[in-house]
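Read the structure below first, then the notes.
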Amino acid sequence: MSSERYLNHPTFGMLYQVSLGIEGKDIYATLYAQKMFFLVEVKQREVFFEVIPYLDARNQSELNLQRARRQGSEDFSKWDNLFRQTFL
C-alpha cells in the first residue's frame, strides 16, 4: 500500500488511515484534532464507523507494526512513520 487513505465522516469530517485493522476493519483518526479514533469497515455501498478508545487504537496499530515487521512488508516504514506521528 503506497498511498494515504482518507474518508469523510458525516459528523467529524476528514479521517485518515492510521493502521490496518483486523477482520477488514481499519483504524482511522480525525485529521485535524487526532483525538478520536474509529474502526471503519467499508462494504460495497456502506461504511460503518465505530468509535474506539485511544489505547485500543494504539494497541491495534502496534499489532499491525509487529505483523508487518514479521512478514518483511515493504510498507513497514510507512506504518512505523504513521504510528510515530499519531501515537508518540
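Where a number appears in this text, it was derived from the coordinates with a stated rule and is not lab data. Bear in mind the structure is a predicted one, so any value in this text is a computation, not a measurement. FYI the Cβ positions are ideal-geometry reconstructions off the backbone, even for glycines, and counts take in every protein chain you see.
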- [ ] Please specify each residue of segment 11-56 satisfying the condition of being surrounded by 15 or more Cβ atoms within 10 Å (Cβ to Cβ), aromatic (Phe, Trp, Tyr) and part of a loop (DSSP other than H, G, I, E, B).
- [x] PHE12
- [ ] Identify the residue in segment 57-79 that is among the acidic types (Asp, Glu) and over 12 Å from the mean Cα position of the chain (by Cα) and, among all such residues, is surrounded by the fewest Cβ atoms within 10 Å (Cβ to Cβ).
- [x] GLU74
Open item on the list: Given the criterion part of a strand (DSSP E or B) and out of contact with any His (no Cβ under 9 Å at 6 or more places or on another chain), identify the matching residue among ASN59, ASN64, ASN81, ASN8.
Closed with: ASN8
